[in-house]
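Note sheet for the following structure.
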Amino acid sequence: MAAMLIDSHCHLNYPGLVEDEAGVVARARAAGVTAMISISTRAAEWADVIAGAERHPDVFATVGIHPHEADQHPDTDTDRLVAAAAHPRVVGIGETGLDYHYDRSDRARQRELFRAHVAAARATGLPLVVHTRDAEADTVAILEEETGKGAFPFLLHCFTGSAWLAGRALALGGCISLSGIVTFRSASALQDVARALPADRLLVETDAPFLAPVPFRGKVCEPAHVATTATFLAGLRGEDPSRLMEGTARNTLSLFRKMGASCGS
């Protein structure tokens, strides 16, 4: 029996994928991908992302506001997120977090909206999908402070951070997801972190249509490519690829518990 394999983070509604949604999903299935989580980044996407999940039994959705979009959502708060998350195909809150690299939204508003998402994750029990770039100290400070108010499940997606950030997230009970970036020749520091991650906290993703792994780098990334990343990661960690795929899938289902009934777990 083939191993389970889940793409824990993709954007099926984005240009490059949305034009051939049925083909993208079919190619993922042919590559052994048993489920995909289609992530939203702005409120205007929520209906489309959920509709995509309704069309395919192996596609699931999240509701959230990317930090780049924080300024454009002055009225989005915890109550709105909680209400949207009630849909049966919504399995997570996010992506949310902090991005100080581009500063496309005011940092204070990013932090405020990040906390609103945390509260929604705590209220719903759904995992928080966290984006963080050039904002490690503030990300950790918020996660630690908010965990002190009451635990909530969370995932650092597309991890490219330091060993310190990974350690702090793990200490708080969080999980870490690796994308095709880990296959890049320039990613030696990330590869060192990847080798050391505990097997029961590790997930894999594509962040499609972005960040295609080697040998597809520079092309449109698809959920099917998560198999390439998982295979590379298994070699990096000295593990059997099927076992790593199965393990990361089980970790995904353990974190995104609302997926379970539809994924046979």
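The values are calculated or read from the model by the stated rules, or taken from the named source; none is laboratory data. This structure is a prediction, so every number in the text was calculated from the model and none was measured. Cβ placement follows ideal geometry from the backbone for every residue including glycine, while neighbour counts extend to all protein chains displayed.
If you check Leu178, Leu156, Leu128 for being of a type in the set (A, V, I, L, M) and more than 25 Å from Val82 (Cβ to Cβ), only one passes: Leu178. Do we find that Leu236 is surrounded by 20 or more Cβ atoms within 10 Å (Cβ to Cβ), at pLDDT 95 or above and part of a helix (DSSP H, G or I) in this structure? No.
Annotation note: Cβ proximity below 7 Å between a residue of the range 1-21 that is free of Cβ contacts under 8 Å to residues at least 60 places away in the same chain and a residue that is assigned to a loop (DSSP other than H, G, I, E, B) and surrounded by 22 or more Cβ atoms within 10 Å (Cβ to Cβ) (sequence gap 6+ or interchain) occurs for Val18/Leu12; Glu21/Leu12.
Looking across the range 153-170, the residues that are assigned to a strand (DSSP E or B) and within 28 Å of Phe216 (Cα to Cα) come down to Leu155, Leu156. Answer yes or no as to whether Gly180 is crowded, with 22+ Cβ neighbours inside 10 Å, modelled with pLDDT of 95 or more, farther than 17 Å from Gly94 by Cβ and not charged (D, E, K, R). For Gly180, the condition - crowded, with 22+ Cβ neighbours inside 10 Å, modelled with pLDDT of 95 or more, farther than 17 Å from Gly94 by Cβ and not charged (D, E, K, R) - is met.
Conditions (1) in contact (Cβ under 8 Å) with a residue 40 or more places away in the chain; (2) over 18 Å from Glu45 (Cα atoms); (3) small (Gly, Ala, Ser), marked per residue:
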residue: Asp79; (1), (2), (3): no, no, no
residue: Ala83; (1), (2), (3): no, no, yes
residue: Glu95; (1), (2), (3): yes, no, no
residue: Asp99; (1), (2), (3): no, yes, no
residue: Val129; (1), (2), (3): yes, no, no
residue: Leu143; (1), (2), (3): no, yes, no
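Of the strands (runs of 3 or more DSSP E) entirely within the range 1-96, those holding at least 1 residues that are crowded, with 22+ Cβ neighbours inside 10 Å and either at pLDDT below 95 or in contact with a Lys or Arg (Cβ under 8 Å, 6 or more places away or on another chain) (or both) occupy 59-63. Restricting attention to the range 215-232, the residues being part of a helix (DSSP H, G or I) and in contact with a strand residue (DSSP E or B) (Cβ under 6 Å, 6 or more places away or on another chain) number 4. Filtering the range 146-169 to residues that are closer than 12 Å to Ala119 by Cα and touching a Lys or Arg at 6+ places or on another chain (Cβ under 9 Å) leaves Glu146, Lys149, Gly150, Ala151, Phe152, Pro153. Check the range 171-189 and report whether any residue there is basic (Lys, Arg) and not in a helix (DSSP H, G or I). For the range 171-189, residues basic (Lys, Arg) and not in a helix (DSSP H, G or I): present.
Quick grid of which residues meet (1) in contact with a helix residue (DSSP H, G or I) (Cβ under 9 Å, 6 or more places away or on another chain); (2) under 26 Å from Leu126 (Cα atoms):
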site	(1), (2)
Asp200	yes, yes
Thr206	yes, yes
Val214	yes, no
Pro223	yes, yes
Thr228	yes, no
Leu233	yes, no
Arg237	yes, no
Arg257	no, yes
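Looking only at residues that are among the charged types (D, E, K, R) and without any contact (Cβ under 8 Å) to a residue 40 or more places away in the chain in the range 183-209, which one is surrounded by the most Cβ atoms within 10 Å (Cβ to Cβ)? Here the residue is Asp192. Just wondering, is there one or more residues in the range 129-152 that are touching a Pro at 6+ places or on another chain (Cβ under 9 Å), buried (at least 19 other Cβ atoms within 10 Å of the Cβ) and part of a helix (DSSP H, G or I)? No, the range 129-152 has no match at all.
Evaluation of Ala212 against the conditions (1) surrounded by fewer than 20 Cβ atoms within 10 Å (Cβ to Cβ); (2) at pLDDT 95 or above; (3) more than 14 Å from the chain's Cα centre (by Cα); (4) not in a helix (DSSP H, G or I) shows that the sole unmet condition is (1).
Put simply, of Thr160, Thr139 the only residue that is of a type in the set (Ser, Thr, Tyr), touching a Gly at 6+ places or on another chain (Cβ under 9 Å) and under 25 Å from Tyr102 (Cβ atoms) is Thr139.
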